[in-house]
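I have placed the structure first, in the form of structure tokens, so that the comments after it can refer back to it.
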Amino acid sequence: MKTILPTLALVLASATPSLAQSYAVTNGRVVTNTEQGVLASGTVLVRDGNIVAVGTDVSIPDGTEIIDADGGWITPGLFAPVTQIGLIEVALEGSTTDSGADDSPYSVALDVSDGFNPAGTHIAATRMRGVTRAAIYPSTGHNIFAGQGALVETGGDADSLFESGSFVFADLSQSGASTAGGSRPAAWAYLEAAFNDARGYPGRFSADHEGDALNRFDAQALLPVVRGRVPLVLNIDRAADLRRAIRFKAENAPVQIIITGGAEAWLVADELAASGIPVLLDPLRNLPASFDEIAATLDGAQRLHAAGVTLAYTTQTSDGYYNARLITQHAGNAVANGVAWDQAFRSITLTPAEIYGVGELYGALATGYAGDVVVWDGDPLEVMSSPVAVLIDGELTAMDSRQSRLRDRYINITDETPFAYRVWGFSFFALTCGGPPVFCPPHAAAPLRRGRPDFRSSQRMP
């Protein structure tokens, strides 16, 4: 792995979030996501949080801190379009989960920005893999509407959430049909009734808190969607349901629709392209986990791109709250299945930013864009490549996380107990800590090392 020159090490040690600095990220292959294309060896100049110059002959002012990419890659920060980072710490522990509210009387009015924790431990691990921006999503509760999503950056500061009420999320898939009463007609009828409630707000609620589908508070929250100011994100996989969504958009203009899921979207690629509906797709989905996904295929992304569909990539088959960091691997697999490299990389940077209406600020290396810059030691879509420096809003960020600090702390611990005892301890580690022992605190294993050995191990080992 290539390393950054000592100059950068000094910068990392002295950088403080409160003081904006100027940086020249240089001597690397620059992926601009603009008409400049890819510069074989270029420089990105960042000042006061924004990019002020990109090119092969950029003049670097005196006093500018130099970040030498050492022949590596310089790219925009990655944008993860469907995540729940900062909303969930441990999925099986309810007290650490703020993604959904099954028992709440509200749905559309629920805003994930009220539960976002910028200090969530998964955020740093996500940032270390080059993800600088993300859209965070609510989970559905008692009806098809989950609530309102938001846009965040991964710096970990108190002001990491930079846009709330960015979209409203609803489930119109097989699971949404179940929630709505047991069928797809029930789910679409509920959506139509909810739109009618929002159109009738506030007059419809002058004498009653409840509408046909929504209460007063939820109807008010849905009104910007009905008026086309905020997009409605629909979770849909089946081709027949996607055609219904296309018709719904046409019948409810000026509503904006975004599709997430889209396992069978390639079957209606031409219709989606003509309707202008973008799709958030995991290019690794190819197994029919439900009857909604029978036609899922690894070349679905390539077919959607070929049809002209606006397409961004997700990590749906991994996990939404701690594995958004794998987005480059998913994009790399799209390339392996026929997608052009530049198209795949755009699908995890500029395209998701454009879908959420912030494409003039994030996802490209160009004058006026935010200083979200990542330096890689190799091709970002190669699984063995890693970021060596990440800037967010023109500031260098820490390249460590709770996981990496635990790894470094415990990786060289020497255990002198008999082998059979260590086997017992390792088994307990795996069961209780959910991972290899180097990631678990020592108190979890110490009692076991003093306890009885695994019986079967002790019979086999001296």
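The values are calculated or read from the model by the stated rules, or taken from the named source; none is laboratory data. Only a predicted model underlies this, so the values are computations on that prediction, with no experimental measurement involved. In this analysis, Cβ positions are derived from the backbone assuming ideal geometry, glycine residues included, and neighbour counts consider all displayed protein chains. Just the protein is used for accessible areas: all its heavy atoms, side chains included, with ligands, DNA and RNA removed. Shrake-Rupley method; radii C 1.70, N 1.55, O 1.52, S 1.80 Å.
For the reader, a short list of remarks on this structure follows.
- Of all residues making up the range 370-420, the number that are free of Cβ contacts under 8 Å to residues at least 24 places away in the same chain and of a type in the set (A, V, I, L, M): 1
- Candidate set from the range 297-337 (those that are over 30 Å from F116 (Cα atoms) and either free of Cβ contacts under 8 Å to residues at least 12 places away in the same chain or outside any helix (DSSP H, G or I) (or both)); member that is most open to solvent (accessible area, probe 1.4 Å): A336
- Residue within the range 287-296 that is part of a helix (DSSP H, G or I), among the hydroxyl-bearing types (S, T, Y) and open to solvent by less than 60 Å² (accessible area, probe 1.4 Å) present: no
- Of all the listed residues (A177, A187, A194), the sole one being under 16 Å from F145 (Cα atoms), surrounded by 18 or more Cβ atoms within 10 Å (Cβ to Cβ), within 30 Å of the chain's Cα centre (by Cα) and free of Cβ contacts under 8 Å to residues at least 12 places away in the same chain is A177.
- Residues (assigned to a loop (DSSP other than H, G, I, E, B) and open to solvent by 50 Å² or more (accessible area, probe 1.4 Å)) located in the range 47-60: D48, T56, D57, S59, I60
- Residue among S458, S427, S404 that is open to solvent by less than 20 Å² (accessible area, probe 1.4 Å), out of contact with any strand residue (DSSP E or B) (no Cβ under 8 Å at 6 or more places or on another chain) and modelled with pLDDT under 95: S404
- Look at the range 61-89: where a residue is β-branched (V, I, T) and a partner is at pLDDT below 95 and part of a strand (DSSP E or B), sitting 6+ places away or on another chain with Cβ atoms under 7 Å, you get I88/T97.
- Residue list for the range 317-338, filter: out of contact with any Ser or Thr (no Cβ under 8 Å at 6 or more places or on another chain) and not hydroxyl-bearing (S, T, Y): D319, Q329, G332, N333, V335, A336, N337, G338
- Residues in the range 65-90 that are open to solvent by 10 Å² or more (accessible area, probe 1.4 Å), assigned to a strand (DSSP E or B) and of a type outside the set (V, I, T): E65, D68, W73.
- For the range 174-216, the tally of residues that are in contact with a Phe, Trp or Tyr (Cβ under 6 Å, 6 or more places away or on another chain) and not aliphatic (A, V, I, L, M) stands at 1.
- Breaking point among (1) in contact with a Leu (Cβ under 6 Å, 6 or more places away or on another chain); (2) at pLDDT below 95; (3) crowded, with 22+ Cβ neighbours inside 10 Å, for D98: (3)
- Those residues of the range 240-268 which are open to solvent by less than 10 Å² (accessible area, probe 1.4 Å), part of a helix (DSSP H, G or I) and either more than 20 Å from S173 (Cα to Cα) or aliphatic (A, V, I, L, M) (or both), in sequence order: L242, A245, A265, V268
- Near pairs, Cβ below 6 angstrom, 6+ apart or cross-chain, from the range 20-41 (of a type in the set (G, A, S)) to any residue that is surrounded by fewer than 19 Cβ atoms within 10 Å (Cβ to Cβ): A20/D48; A20/G49; S22/R47; S22/T64; A24/I60; A24/T64; A24/I66
- Residue satisfying all of: in the range 365-386; under 17 Å from the mean Cα position of the chain (by Cα) and assigned to a loop (DSSP other than H, G, I, E, B); nearest to Q21 (Cα to Cα) among these: D372
- Checking each residue in the range 338-349 for being open to solvent by less than 10 Å² (accessible area, probe 1.4 Å), more than 15 Å from V279 (Cβ to Cβ) and part of a helix (DSSP H, G or I) picks out only F345.
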